[in-house]
Every structure is written in C-alpha cells, then in structure tokens.
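Written below as structure tokens is the structure these notes are about.
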Amino acid sequence: MDHFVKLVTSRDFLIAVLAAVAVAAVVFTLGAQFLVRSDMKERIKRVALEREKLRAEEMARLRGQQEGRGSVRREDVSRDYMKRIVERFSLQKAFADDNTVEALARAGYRGQGHLTTYLFMRFATPLVLLLVAGAYFLFLLPGQRPLYLNAVYAVGIALVGAYLPTLMLRNRTQKRQQSVRRAWPDCLDLMLLCVESGMSVEHAFKRVAKEVGQQSAALAEELTLTTAELAFLEDRARAFENLGKRTGLDGVKSVMTALIQADRYGTSVGQALRVMAEEGREQRMMEAEKKAASLPPKLTVPLILFFLPVLFIVIISPALIKVFSIGVHF
C-alpha cells in the first residue's frame, strides 16, 4: 500500500498523467473539429440536394402548366392580328415607355401577349368609341344640333376613351396592391415561423404561398413566381428585387432589401424577418387607427342629411298630431 501511494504521489507519475491528459485533449479537440466539418459538409450537401429537388419540382409544375395551356396558345394565335397592327403602326413607340412593362406586371399581366393587347386596346378603343358615338349622334339622336357639334361630341368621347385602358389598368393595379397589402403582415408572420423552424428561404416562400392563397390569390401568385425565380436565377438578390418591383409596395420592397442584405452579408434571416414583421404589424395598426380617426368627419354629412331630420320628425310629430287633433275638435 505504501508503495502504491509513493507511486501515485511521485513526480514522474504526475507528469506522465498530465501529459496523457494534454495529449487526449489535443486529440479530442482536433477530432471534434473534423467531425464538425464533416457534419457541416453533410448539411451543405443536404441543402444542395433539397434545392435541386425544389428546382425539379418547379420545372415539372411549369411544364404541366404549359401543357395545360393549349387553349391559351390558340387564343394567342387568334390574336395575331393585334400583333400585326401593333407592328405595322409602331404602337410600342407611341404608347409604351420604360415603365409600361412594370405597370402591367404590377397589375398581374406578364409577357409579350399582354403588352400587345394593351397597346392594341389603347389604339382601338378611341377609334371604336368615335365610330359608335358618331353613329349615335348622327343617326339615332340627330336632334336640331349642327353637324360640327355632333362631331365635337363624338371626338370628346373618343378622347375620353383614349384614357380608358390606362384607367382600367390603374384600377386593377390598385385592387391587386390592396389585396397584397392586407395579407402581407400575416405572410411575414408565417414566413418567420417557417424560417425559425429550420426551413430555407425557398421552402418558406413555397409553403407560405400555399397557406396565404385563400386570403390573397395575388400575393400567393407573386410568392410562387419568386420561388421559381429563386430556383432558376443564379443571383438570388435579383429574385427578391423582382418581387418588390412587381408588387410596387414600399413594405414589400423594404422586406426584400432586408433579405438581400441578410443573404449578402450572412446575417440572420430570422432576425431580419422578425424586425420587419413587427414593423408590418405596427403599420397595420396605424392604418386601422387612421381609418378610425377619419370616421367622424365622414359621418358628419350623412348624420346631418339623414339622421337629424328623422330625429326631428320623431320628436315633433306627436306634438303636431296633438295640436291638429285639438284644433279639429274645436
């Protein structure tokens, strides 16, 4: 027993034990680094495989949509005369500018076919209204007006019709932006949940597009298109920028800018989405408070015109009835 105690307490034994512990720590540290690296490689490999799988799914879905658009293609063939008229009269130079394609995209119209239809409508609508108004004023409602006055009326209606396609496009854009604006805060919350649960940005966009479709079909369409662009485009920032341009909303553009910065500098996407989601909820609350504050001035005129006269009639009518009944009795 004394020999064992001397051995344990000896200087050489303690040095050997400490050297063994140091060597074991070094080996464990280096081995742990290799294990972490291999795990990181496996995770990167899985992410790449998931991205390729998502890209294959998007390509299959787009092929299926193209195969199911036979009627749309036949309709495009039937509209060849629009394309010929647009090219013959150079309507794209006359009516289109750099912002026309973006304006059509904000209204949900994409592709060369919609651009051709828009240019043709801007050219044909005033001519058709001019002919219809001229025939109406000259033959159906001639009256005693001189001929030049009927021609002036017809030309005025044609000038108003020249802005009709633009007004319809602006109305469609406003309705679409209103739909996207209402559903965007909920979309941010869902996207934040998906990202914090471990999903990638592509899968988050795809999942949120399915969930938000019942609330806003326009936003679901834009998110689906962004998912396809994230799978096809080499530059992810371009896909985010395209989403902001297609919607034309400052809230969406700010979120896309935050995602671009997070992707470029390697910061946390979840943290960026959390901040933007809080700002979106605050902005929606401010809009609700603004609408609530604007109700009293809006209700003043209907209150004076419709409510107060009825109130006076209800209050004064019994007294008038009593006075007239007493007068008739006498």
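The values are calculated or read from the model by the stated rules, or taken from the named source; none is laboratory data. Everything numeric in this text was worked out from a predicted model, so none of it was measured. For neighbour counting, all protein chains shown are included, and Cβ atoms are generated from backbone atoms with ideal geometry for every residue, glycine included.
In the stretch 257-272, which residues are among the small types (Gly, Ala, Ser) and closer than 17 Å to ARG238 by Cβ?
Quick first cut of the stretch 257-272, residues among the small types (Gly, Ala, Ser) only: 258, 262, 266, 268, 270, 272.
If the condition is that a residue be among the small types (Gly, Ala, Ser) and closer than 17 Å to ARG238 by Cβ, then ALA258, ALA262 are the ones that fit.
Report whether or not ARG182 is outside the structural domain of LEU243 (by TED's automatic domain parsing), surrounded by fewer than 18 Cβ atoms within 10 Å (Cβ to Cβ), assigned to a helix (DSSP H, G or I) and charged (D, E, K, R). Spell out how you get there, then give the answer.
Details: outside the structural domain of LEU243 (by TED's automatic domain parsing): no; surrounded by fewer than 18 Cβ atoms within 10 Å (Cβ to Cβ): yes; assigned to a helix (DSSP H, G or I): yes; charged (D, E, K, R): yes.
It is false that ARG182 is outside the structural domain of LEU243 (by TED's automatic domain parsing), surrounded by fewer than 18 Cβ atoms within 10 Å (Cβ to Cβ), assigned to a helix (DSSP H, G or I) and charged (D, E, K, R).
SER179 is checked against (1) in contact with a helix residue (DSSP H, G or I) (Cβ under 7 Å, 6 or more places away or on another chain); (2) free of Cβ contacts under 8 Å to residues at least 40 places away in the same chain and fails just one. What number does that condition carry?
All conditions pass for SER179, except number (2).
Residues of the stretch 98-129 being under 18 Å from the mean Cα position of the chain (by Cα) and surrounded by 15 or more Cβ atoms within 10 Å (Cβ to Cβ), which ones?
VAL101, ALA103, LEU104, ALA105, ARG106, ALA107, GLY108, TYR109
Listed here are the residues, each with its yes/no results for (1) in the same structural domain as GLY248 (by TED's automatic domain parsing); (2) of a type in the set (Val, Ile, Thr); (3) assigned to a loop (DSSP other than H, G, I, E, B).
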{"residue": "GLU87", "(1), (2), (3)": "no, no, no"}
{"residue": "ASP98", "(1), (2), (3)": "no, no, yes"}
{"residue": "TYR109", "(1), (2), (3)": "no, no, yes"}
{"residue": "LEU129", "(1), (2), (3)": "no, no, no"}
{"residue": "ARG145", "(1), (2), (3)": "no, no, yes"}
{"residue": "CYS187", "(1), (2), (3)": "yes, no, no"}
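Given LEU225, LEU190, LEU219, LEU243, which one is free of Cβ contacts under 8 Å to residues at least 60 places away in the same chain, surrounded by 16 or more Cβ atoms within 10 Å (Cβ to Cβ) and touching a Phe, Trp or Tyr at 6+ places or on another chain (Cβ under 8 Å)?
Working: LEU225 fails: touching a Phe, Trp or Tyr at 6+ places or on another chain (Cβ under 8 Å); LEU190 fails: touching a Phe, Trp or Tyr at 6+ places or on another chain (Cβ under 8 Å); LEU243 fails: touching a Phe, Trp or Tyr at 6+ places or on another chain (Cβ under 8 Å).
Among LEU225, LEU190, LEU219, LEU243, only LEU219 is free of Cβ contacts under 8 Å to residues at least 60 places away in the same chain, surrounded by 16 or more Cβ atoms within 10 Å (Cβ to Cβ) and touching a Phe, Trp or Tyr at 6+ places or on another chain (Cβ under 8 Å).
Do we find that ALA262 is hydrophobic (A, V, I, L, M, F, W, C) and in contact with a Ser or Thr (Cβ under 8 Å, 6 or more places away or on another chain) in this structure?
On the way: hydrophobic (A, V, I, L, M, F, W, C): yes; in contact with a Ser or Thr (Cβ under 8 Å, 6 or more places away or on another chain): yes.
For ALA262, the condition - hydrophobic (A, V, I, L, M, F, W, C) and in contact with a Ser or Thr (Cβ under 8 Å, 6 or more places away or on another chain) - is met.
Looking at the stretch 264-276, which of its residues are closer than 15 Å to ALA204 by Cα and in contact (Cβ under 8 Å) with a residue 60 or more places away in the chain?
VAL269, GLY270, LEU273, ARG274
Looking at the stretch 249-268, can you tell me whether even one residue there is more than 30 Å from ALA218 (Cα to Cα), assigned by TED's automatic domain parsing to the domain that holds ASP186, of a type in the set (Phe, Trp, Tyr) and loosely packed, with under 10 Cβ neighbours inside 10 Å? Please lay out each step first, then the result.
Initially, the stretch 249-268 is screened for residues more than 30 Å from ALA218 (Cα to Cα), giving 265-266.
Narrowing the set further to residues that are assigned by TED's automatic domain parsing to the domain that holds ASP186 leaves 265-266.
Filter once more, so that each one left must be of a type in the set (Phe, Trp, Tyr): 265.
Then drop every residue that is not loosely packed, with under 10 Cβ neighbours inside 10 Å, which leaves 265.
Among the residues of the stretch 249-268, at least one is more than 30 Å from ALA218 (Cα to Cα), assigned by TED's automatic domain parsing to the domain that holds ASP186, of a type in the set (Phe, Trp, Tyr) and loosely packed, with under 10 Cβ neighbours inside 10 Å, which makes the answer yes.
Looking at VAL212, VAL195, VAL208, VAL180, can you tell me which residue is within 19 Å of ARG264 (Cα to Cα) and of a type outside the set (Lys, Arg)? Give the derivation first.
Details: VAL212 fails: within 19 Å of ARG264 (Cα to Cα); VAL208 fails: within 19 Å of ARG264 (Cα to Cα); VAL180 fails: within 19 Å of ARG264 (Cα to Cα).
Within the list VAL212, VAL195, VAL208, VAL180, the selection yields VAL195.
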